[in-house]
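The structure under discussion appears below in the form of structure tokens.
All of the numbers you see were taken from the coordinates with simple rules; none came from a lab. All figures in this text were calculated on a predicted structure; none of them were measured in a lab. Backbone-built Cβ (ideal geometry, glycine too); neighbour counts: all protein chains shown.
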Ligand code: NIG
Ligand code: FE
């Protein structure tokens with residue numbers, strides 16, 4: 001018999017999202033959640049040790065004396081959500097810009113007028129590590145209570161050596177104190193800082209010659225990301241930065257074709273980036289190239305919504321073209337101020353016509369692939385981390401369908417209950 005210190009018993013639906021070990025899910029595979037009806041799960045020391053029909057639980061599992069048993073009768077059990085694109089760490093807020101957009105100003109006009117990313121850069125440079133850490137920890141607690149158990153976090157509000165390193169150190173400290181799994185990304189090329197406005201090439205040189213080598217030698221990031229956009233970093237500049245990052249062993253992601261069709265998707269394919277993100281304006285050639293190169297599309301419909309874009313990435317065309325799609329919040333103070341992946345999944349369904357099952361795949365196993373974490377998280381399989389959600393819902397569709405509330409009843413991270421009834425437990 002298998003010994004367990006945690007049992008989740010009696011799910012109406014248990015979404016394993018298992019299978020396809022060779023790559024992220026594409027095409028119609030994205031609709032397959034590997035559902036086990038009347039299923040149960042057992043874990044020990046933070047890892048899943050058994051999944052099977054509830055009828056077999058008593059004969060298969062021997063609960064240890066201190067075993068925690070969670071009642072999931074009538075409920076849905078699924079893998080913890082994975083958020084593969086966030087700007088977790090920053091100081092201040094930009095609610096003034098929210099009001100300006102309502103009055104008709106665009107994101108680019110606000111940035112040109114002294115708001116935008118550089119407003120948050122000023123606040124973040126002035127903030128202490130302790131303040132950044134405590135504010136990001138509050139965000140992570142909110143994310144956990146909403147069902148997210150793994151998060152990518154970018155630098156990019158420092159934009160000088162000292163402050164970019166400061167941000168990555170904050171991310172590392174948050175990862176060390178847990179319980180959230182954090183995947184760090186260096187994004188020194190998030191914007192041109194004001195002191196380099198007249199000479200952006202010199203800033204690109206600084207990123208390449210000073211920041212990337214320091215980040216790599218101190219192993220402060222797994223990925224490098226660049227905001228490839230009109231009036232931010234050109235395709236040529238982006239390519240230079242990504243080449244330098246690749247040369248020192250960082251994996252690549254790109255903010256691509258978010259506001260204009262600049263060719264970011266094609267560049268991501270050419271550079272074999274792991275992901276290209278946003279892609280509202282990506283053209284057909286770019287999408288085809290991504291499918292061929294196996295670049296994962298990380299779609300961020302919350303940003304399109306929050307910026308009144310009146311358009312969304314063409315998720316249906318991407319899925320049909322064979323691109324693996326993932327979903328993320330893009331959590332940041334300017335273009336998407338939400339911690340909620342379930343809200344993003346609702347938008348993915350209503351605005352991009354993804355099916356609830358596709359949205360769940362996109363926010364679990366495909367998001368795990370988008371971070372290179374597919375062997376540890378993103379599905380419920382024996383040997384993986386016991387990152388498990390119990391939803392107060394009889395079927396998985398409710399997670400996308402019933403919006404604006406928190407359906408996540410219990411959040412289990414590495415085999416421990418970390419949130420219950422929408423409250424983070426400490
Ligand atoms: O992903 N596009 C660039 N970066 C963020 C926005 C960050 C900000 O406005 O502070 C994004 O949308
Ligand atoms: Fe972003």
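A few comments on the model shown:
- Seen against the Cα atoms of the chain and their longest principal axis, helix 117-126 is set at about 80 degrees.
- With the convex hull drawn around the C-alpha atoms of segment 22-155, the volume per residue stands at 217 Å³.
- One quarter of the surface of the convex hull around the alpha-carbon atoms of the chain equals 18.9 nm², the direction-averaged projected area.
- Of all DSSP-defined beta bridges confined to the chain, some 45% are antiparallel rather than parallel.
- Set against the 2.2 N^0.38 Å expectation for a compact globular protein, segment 88-242 has a Cα radius of gyration ratio of 1.05.
- Value in Å of the Kirkwood radius, where segment 1-98 supplies the Cα pairs that are averaged: 15.9
- With Cα atoms, 0 to 90° folded angle of helix 235-247 axis to the chain main axis: 60
- Between residue 423 and residue 130, the modelled label-to-label distance comes to 2.9 nm, taking each label 7 Å out from Cα in the direction of the beta carbon.
- Each Cα pair under 8 Å and six or more residues apart adds its separation to the average, and for the chain the resulting relative contact order is 21 percent.
- In degrees, nearest ten, helix 129-145 long axis to first principal axis of the chain (Cα): 40
- Semi-axes of the equivalent ellipsoid for segment 310-426, computed as √(5λ) from the eigenvalues of its C-alpha gyration tensor and ordered from largest down, come to 24, 18, 14 Å.
- Against the empirical curve 2.2 N^0.38 Å, the C-alpha radius of gyration of segment 1-40 lands at a ratio of 1.48.
- Distance between segment 262-303 and segment 1-72 - C-alpha centres, whole angstrom: 34
- Segment 259-360: mean projected area of Cα convex hull, nm²: 5.8
- Distance between segment 226-249 and segment 313-373 - C-alpha centres, whole angstrom: 24
- Counting neighbouring Cβ atoms within 10 Å and putting the fewest first, the residues 336, 224, 349 line up as 349, 336, 224.
- Estimated from helices alone, the mean residue ellipticity of the chain at 222 nm is -9500 deg cm²/dmol (sum of -39500 (n - 2.57) over DSSP H runs with n ≥ 4, per residue).
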